[in-house]
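Worksheet: one structure, shown below.
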Amino acid sequence: MKNQSDSGGKLLLITIDGPAGAGKTTVSRMLSDRLGYKYIDTGSLYRGVAREAKKAGIGHDDDAGLEMLCGSLRLEFVQDTDGPHLFSNGFDINGEIRTPEMSMLASAVSARPVVRKYLLTLQRELGKGKGAVFEGRDMGTVVFPGADIKFYLNASVKTRAIRRYKELSDKKDSSTIEEIERDIRRRDENDSTRTLAPLKPAEDAIKIDSTDLDVEFVVNLMISHVQKHLMQ
Ligand code: DC
């Protein structure tokens, strides 16, 4: 049974946007746990499309191929002991979508309108009924412009690269900090300069720079905003 004491049982829709490595995943998981809400990592969905496109031999800029792929794709989250796992057409693909290659490919397919259109519908479907924390790039700006509370989490490129390095070395990935920093800069550039739903804070987002903050502090800060909202 999830703890709902920090939300008083009220169901809000909360969005957390920001660049790669800003700490969104850890913070979103902890925040959703404290509120008793579900947690949706929308980056996984883009990674899922990227993985399936690669498997089917569809190029990241092949719009006709991507459209056909999305038309027959069934992506869903299934709760496991270590959190939600992404399933594609009934298969658990969670272990395959977190590689540096999938990160770059997800960033590339995420710029294609056919992919964004497909995932927009799916994400809004998942948000019905509220009681959720959605993590991504355009949650507060495009997918849920009417969200109850919007956060934009950022950190310096160096800090983000070090965090990703630790995360990847735990998974026995041999990427160097320099390679990770280069990939993060390229992804920032791709994600924030694309025409469709670029990475940027919503006008009404609460901006948090986590460079010098630990996760507990960030989550407590977010909880204080949630409680303020609930008292309004
Ligand atoms: O959050 P992540 O690193 O798992 O996301 C992978 C890529 O997916 C990211 O580089 C950009 C894209 N993405 C997006 O365009 N919109 C989202 N809401 C989430 C992710």
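Numbers at a glance
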item	result
Listed pairs LYS54/LYS171; LYS10/LYS158; LYS130/LYS200; LYS128/LYS171; LYS38/LYS207; LYS24/LYS54 exceeding 32 Å between Cα atoms	LYS10/LYS158; LYS128/LYS171
Normalised contact order of the chain, rounded percent, pairs of Cα under 8 Å and 6 or more residues apart	32 percent
Mean Cβ count within 10 Å, highest first, over the residues of peptides 195-208, 30-43	30-43, 195-208
Antiparallel bridges, percent of DSSP beta bridges restricted to region 1-156 (to nearest 5)	40 percent
Under 14 Å from the SER174 label point (7 Å along Cα→beta-carbon), backbone N, region 55-74	none
Volume per residue that the Cα convex hull of the chain spans, once the total is divided by residue count, Å³	123 Å³
Region 1-120: relative contact order as a whole-number percent, Cα under 8 Å and 6+ apart	25 percent
Listed peptides 146-152, 111-117, 187-193 by packing density, highest first (mean Cβ within 10 Å)	146-152, 111-117, 187-193
Anisotropy class of region 125-227 from Cα gyration tensor, a/c 1.5 cut	prolate
In degrees, nearest ten, helix 113-127 long axis to first principal axis of the chain (Cα)	30 degrees
Among TYR37, ALA64, ILE162 - extreme Cα towards positive end, dipole of the chain, charges at beta-carbon	TYR37
Total charge dipole magnitude, the chain, about the Cα centre, Cβ charges on Lys, Arg, Asp, Glu only, Debye to nearest 20	320 debye
Mean ellipticity per residue at 222 nm, deg cm²/dmol - from DSSP H runs of n ≥ 4 across the chain, formula -39500 (n - 2.57)	-15000 deg cm²/dmol
Ordering of 49-56, 211-218 by packing [mean C-beta count within 10 Å, highest first]	49-56, 211-218
Most positive-pole-ward Cα, LEU199, THR25, PRO145, against dipole of the chain from beta carbon charges	PRO145
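We did not get these values from a lab; they are worked out from the coordinates using the rules stated. Since the model is a prediction, treat every value here as computed from it, not as a measurement. Note that we place each Cβ from the backbone using ideal geometry, even for glycine, and neighbour counts take in every protein chain shown.
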